[in-house]
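The values are calculated or read from the model by the stated rules, or taken from the named source; none is laboratory data. Keep in mind it's a predicted model, so treat the numbers as computed, not measured. Cβ coordinates were reconstructed from backbone atoms using ideal geometry, including for glycine residues, and neighbour counts include every protein chain displayed. Calculation scope for accessible area: heavy atoms of the full protein, side chains included, ligands and nucleic acids excluded. Shrake-Rupley method; radii C 1.70, N 1.55, O 1.52, S 1.80 Å.
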Amino acid sequence: MRWIGGRESSNVDDRRGLTGGHFVAGGGIIGVIVIVLRFLLGGSGDSSVPTQHPNQNQPMTTEEKAADDERAKFVKVVLGYTEDVWGELFAQQGKQYQHPTLVLFRDQVQSACGFASSASGPFYCPSDQDLYIDLSFYQELKDRFKAPGDFAMAYVVAHEVGHHVQKLLGISDKMEKLRRQLSEGEFNKYSVMMELQADFFAGVWANHAQQMKNILEEGDIDEALNAANAIGDDRLQKQSQGYVVPESFTHGTSKQRYYWFKKGFDTGDIKQGDTFHDPSLQ
């Protein structure tokens, strides 16, 4: 991905220098509070899905810190690109895009949705409209999920921004009201629709970012599609427990995540991302 020299977003709250002792836990586990915007890799009902960090709380080496700082610059530029694209798309509809804040943290963090650790993976909190990312997830994508490449990480950021777009459009609030009327099992299919739409929005972003910024290099879209395929509920459940429980899916299958990101990228048309009325998801 072409990003060196790109505008870094100023809407970043860098908390990487803080440790667990600086946070006050409260409000319960974040994934329990806001189920419509669960973590990218969470909510599958499988405790082995969250990421693992064996060196958690240990000081970083000079080389590790340099790599972490480079990743921070990268996600800041990606966030800046999302601001430019969604700002333009909202303006075309006569609306104003409200920028989210990206919170960079290490090991653990306190958000308006509750307390979370890096094991939760990247997530979006609709209560404070912030994105939360521990940059070690970049390495996790490469090593554990076999989804390497900078554009795989860009897809992750764009997916979480997609949840912010859902919040601004009133979609997440409608889903939260619906969630209160249904059991968790009954709501799972709506959670899948929510997540697939965020994948679609990530694809829409990639389409327009390419038109506006010429950001794509050969293989970038394949990296994003590989990442989407790698984190489908069916694949994660199969890897972790050896079998699949479709009724517990909350993010969609690998095939579905691949399809909706690609549809967003191919069309670039936000109007074609109504997953909630798509016959294949009913």
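For the range 81-101, filtering for residues that are touching a Phe, Trp or Tyr at 6+ places or on another chain (Cβ under 8 Å) and either open to solvent by less than 40 Å² (accessible area, probe 1.4 Å) or among the β-branched types (Val, Ile, Thr) (or both) leaves 10. Restricting attention to the range 208-224, does a residue exist that is in a helix (DSSP H, G or I), more than 18 Å from residue 268 (Cα to Cα) and acidic (Asp, Glu)? Yes - at least one qualifying residue is present in the range 208-224.
Suppose we keep only residues that are within 15 Å of residue 1 (Cα to Cα) and among the aromatic types (Phe, Trp, Tyr) within the range 138-158. Which one would you say is surrounded by the fewest Cβ atoms within 10 Å (Cβ to Cβ)? Among those that are within 15 Å of residue 1 (Cα to Cα) and among the aromatic types (Phe, Trp, Tyr), it is 138. Could we say that residue 161 is more than 18 Å from residue 206 (Cβ to Cβ) and either open to solvent by less than 10 Å² (accessible area, probe 1.4 Å) or part of a helix (DSSP H, G or I) (or both) here? No. Look at residue 263 and say whether it is open to solvent by less than 70 Å² (accessible area, probe 1.4 Å), closer than 23 Å to residue 124 by Cα, at pLDDT 95 or above and of a type in the set (D, E, K, R). In short, yes.
The residue that is nearest to residue 199 (Cα to Cα), counting only those in the range 217-237 that are modelled with pLDDT of 95 or more and surrounded by fewer than 20 Cβ atoms within 10 Å (Cβ to Cβ), is 222. For residues that are modelled with pLDDT of 90 or more and out of contact with any His (no Cβ under 7 Å at 6 or more places or on another chain), tally how many sit in the range 115-130. Total meeting the criteria: 7. Answer yes if at least one residue in the range 186-195 is charged (D, E, K, R), open to solvent by 10 Å² or more (accessible area, probe 1.4 Å) and not in a helix (DSSP H, G or I), and no otherwise. No, the range 186-195 has no match at all.
Going by what's in this entry, would residue 135 be described as open to solvent by less than 60 Å² (accessible area, probe 1.4 Å) and touching a residue at least 24 places away in the same chain (Cβ under 8 Å)? Yes.
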